[in-house]
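So the structure is just underneath, and the comments pick up after that.
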Amino acid sequence: MNTAPPPVGAALPHESAHLHVTGEAAYTDDLPEPAGTLHAAPGLSSVAHGRIVSLDLSAVRAAPGVRAVIVAADIPGHNNCGAAVPDDPILADGEVSFHGQPLFAVAADTRDQARHAARLAQVEIEAWPALLTVEDALAADSHVLPPVDISRGDVAAALASAPHRLAGTLHLGGQEHFYLEGQVSLAIPREDDSLHLVSSTQHPTEIQHIVARALGWRMHQVSCECRRMGGGFGGKESQAAQWACIAAVLARRTGKPVKIRLDRDDDMRATGKRHDFRIEYEAGFDAAGRIAGLKLLLASRCGFSADLSGPINDRAVFHADNAYYLDAVAVRSLRCRTHTVSNTAFRGFGGPQGMFAIESVIDDIARQLQLDPLAVRRANFYDAPPRNTTPYGMTVEDKVIAPLVNQLAIDAGYATRRAAIAAFNAASPVIKRGIALTPVKFGISFTATFFNQAGALVHVYKDGTVQVSHGGTEMGQGLHTKIRQIVAGEFGLPVADVRLSATDTRRVPNTSATAASSSTDLNGKAAQAACRTICARIAAFVAGRLGIDAGQVGFAAGQVRAPGFNSPFAQVVADAYRARVQLWDAGFYTTPKIHFDPTTLHGRPFYYFAYGAAVSEVAIDTLTGEHRVLRVDILHDAGRPINPAIDIGQIEGGFMQGLGWLTCEELVFGADGRLLTHSPSTYKIPAVSNLPPVFNVRLFDNANAEDTIHRSKAVGEPPLMLALSVFFALRDAVAAALGPGARPQLDAPATPEAILRALNGGTLT
């Protein structure tokens with residue numbers, strides 16, 4: 001008899017872990033190429049902004065191995081790959097808008113031939129003035145989308161009457177996705193004007209739609225498949241479409257399969273990043289640090305087109321409260337247009353930038369009042385009514401953040417360690433230590449309400465094994481593993497009896513992006529719905545044979561059980577098949593309760609909130625600006641975990657990615673708009689050496705109050721923001737060096753240069 005524990009809640013390995021560690025996992029670039037496959041490469045602009053005077057591609061066409069060259073005029077349908085706004089050309093047409101913009105594309109017999117040929121183009125561009133920074137865009141009143149404002153209360157009166165006031169300006173850098181597998185698509189022509197795409201994408205349906213539009217076709221002529229990605233982090237949510245379009249147009253033109261894979265330099269130059277922000281604030285508060293009024297400006301560098309900047313900046317606004325009640329508040333969001341690559345989704349989707357803003361305000365208030373920042377945070381937490389409503393009108397119904405923070409503070413010995421750090425700093429003239437505890441409250445759902453839907457297709461084969469297809473994509477986060485556990489749990493089977501297929505628009509249509517930390521919530525519920533329909537049919541079949549009620553039939557430990565009946569699942573399924581019982585079905589799920597008016601940014605955009613908190617301790621060298629993270633303690637609310645091992649892995653990985661964003665990953669553009677940090681040699685991501693030597697991660701015991709799949713909570717995005725604790729610990733260490741009441745002007749990322757500037761009043765001398 002199978003005595004294995006139920007699969008849901010078990011700390012099982014990632015379903016592809018054995019393939020990852022042996023190198024056998026097949027990513028898009030690893031798949032066998034059909035005979036005659038051509039390889040594509042783009043020709044990129046070397047000017048940030050200007051008019052294309054001439055584009056001589058004769059040498060490109062004459063180069064060895066070249067089979068086709070396309071420009072904007074060769075795109076048979078719409079020359080647009082914009083996800084939400086039709087303002088993003090697949091290939092530049094008449095005008096270039098950023099350094100690295102694709103001007104043309106070439107297909108050749110080999111990848112090296114294509115790349116070599118692309119460099120032979122004779123391009124003349126009349127350079128125009130370029131807006132490169134947020135400040136440039138603000139001065140020129142340049143925006144990709146109109147400003148957005150939300151407010152509550154009389155902010156001017158609250159500021160005027162507050163016992164204390166502060167104002168400040170902050171700069172927060174962007175971040176390169178640096179996924180392991182770059183942008184790659186394989187377009188395979190099929191019979192009768194149809195085409196199949198294999199793409200490293202988080203959104204197969206969007207690829208299907210945009211490619212069909214580019215070809216002048218309808219969606220049923222195009223299909224898109226993704227087995228797994230070597231990372232995505234938001235960078236393959238909308239931006240995979242451009243490269244799929246180029247491959248598809250070349251495939252249609254040549255009648256041959258066409259594959260495009262960007263090398264790292266081209267990928268970093270031509271694809272969007274996390275938005276960098278300029279933040280301005282004015283705050284009024286009392287002697288305990290409780291905020292009475294807050295005026296906040298969030299200005300982001302969006303790049304030359306809208307891409308996903310609208311919802312990203314909306315989410316920054318939604319998370320500008322983080323865990324804090326703001327009574328009188330006015331937030332203005334500016335979506336600045338610059339002549340740089342269009343920035344895009346990145347893990348957290350604007351939430352990290354909004355949280356950075358409010359946490360900076362809280363930290364400044366604490367330093368002005370010379371209070372422990374944790375005390376000021378606690379003074380501002382959401383609480384009982386009326387202090388439980390967000391500025392956008394959503395009620396914070398649960399009370400998780402205060403007890404979670406209290407538990408972490410005790411478990412991590414926060415108070416004792418803060419006192420010990422103060423004593424250390426008093427005796428150490430060069431090395432200074434800092435500590436910070438920061439909370440996270442992150443809303444879970446797509447703010448575009450219509451994306452909160454999912455479908456799944458479940459097949460039970462007549463030998464009792466199960467195949468599942470759903471609309472989510474696997475990019476290493478363990479989504480497929482959790483879906484296997486959910487399905488196995490519904491049928492009472494071992495996980496080994498359940499297999500996941502590649503995500504494919506031919507199996508599950510109209511999929512939502514794998515994003516917003518909602519994929520397990522959505523696809524897990526859809527798969528569960530399909531399973532329960534099939535289980536109901538099997539139960540009715542068994543009950544009919546036994547003359548009992550179907551509710552008396554259960555599924556557990558590989559058996560189908562009823563009073564006086566116990567038979568292997570495989571045997572019952574085989575009998576049901578012979579009795580012509582339908583053993584497959586589709587499931588569908590829509591997130592309940594959510595509603596949101598995008599014109600007013602008011603409503604309930606999120607189904608629930610995920611919570612967490614982190615304590616980080618750091619040391620800085622005041623002579624060099626270098627730092628070390630000495631210890632990190634995390635307590636995170638994952639609800640009732642479907643797989644605690646995967647959840648803890650996501651927390652650790654998300655935290656380290658956030659640490660990179662806030663401490664070492666720096667995007668530097670030259671005066672000509674060229675990205676200077678365009679390769680692993682010039683762009684520093686966290687390494688093993690950046691791991692804290694003491695790294696404690698625990699899950700908070702808390703079932704989700706909402707009816708999510710098995711009462712679990714999302715863990716994809718929220719942990720990234722726990723790394724804010726590292727930044728504010730660094731700020732704490734800098735403040736210790738500057739003396740009581742100091743409010744360091746420390747910009748993010750807190751590189752050694754930034755730390756030295758903060759220590760020296762804004763200079764490196």
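Bear in mind that the values in this text are calculations on the coordinates, not laboratory data. None of the values given here were measured: they were computed from a predicted structure. Heads up, the Cβs are rebuilt from the backbone with ideal geometry, glycines too, and the neighbour counts pull from every protein chain shown.
Using unit Cβ charges (K, R positive; D, E negative) and no other charged atoms, how large, in debye to the nearest 20, is the dipole of the stretch 633-765 about its Cα centre? Don't skip to the end; give the middle numbers.
Numbers: 9 positive and 14 negative charges, 45 e Å.
I would put it at about 220 debye.
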*Would you pull out the residues with amide H under 5 Å of residue 44's amide H, same chain only if 5 or more places away, H placed 1.01 Å from N?*
103
*Using all Cα-Cα distances in the chain, what percent lands in each 10 angstrom bin from 0 up to the longest?*
3, 14, 23, 24, 19, 12, 5, 1, 0
_Positive end of the dipole of the stretch 84-189, charges at C-beta (+1 Lys, Arg; -1 Asp, Glu), about the Cα centre: which of 114, 129, 177 has its Cα farthest in that direction?_
177
*Once you list every other residue whose beta carbon is under 12 Å from the beta carbon of residue 113, what net charge do they have if Lys and Arg are +1 and Asp and Glu are -1?*
+2
*Would you pull out the residues with amide H under 5 Å of residue 308's amide H, same chain only if 5 or more places away, H placed 1.01 Å from N?*
345
*Put +1 on the Cβ of every Lys and Arg and -1 on every Asp and Glu Cβ in the chain; which of 618, 523, 240 then has its Cα farthest towards the positive end of the dipole?*
523
*Computed [θ] at 222 nm, helices only, for the chain once each DSSP H run of length n ≥ 4 contributes -39500 (n - 2.57)*: -9000 deg cm²/dmol
*Once you charge only the Cβ atoms, +1 for Lys and Arg and -1 for Asp and Glu, what is the size of the charge dipole of the chain about its Cα centre, to the nearest 20 debye?*
1160
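Please list 431-440, 144-153 highest first by mean number of surrounding beta-carbon atoms within 10 Å per residue. Write down the numbers at each step before the final one.
Values: 431-440: 25.0, 144-153: 16.3.
Top to bottom by mean Cβ count within 10 Å: 431-440, 144-153.
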_Beyond a 26 Å Cα-Cα separation, which of these cross-linked pairs lie in this structure: 441/593; 236/399; 236/259; 273/593?_
236/399; 273/593
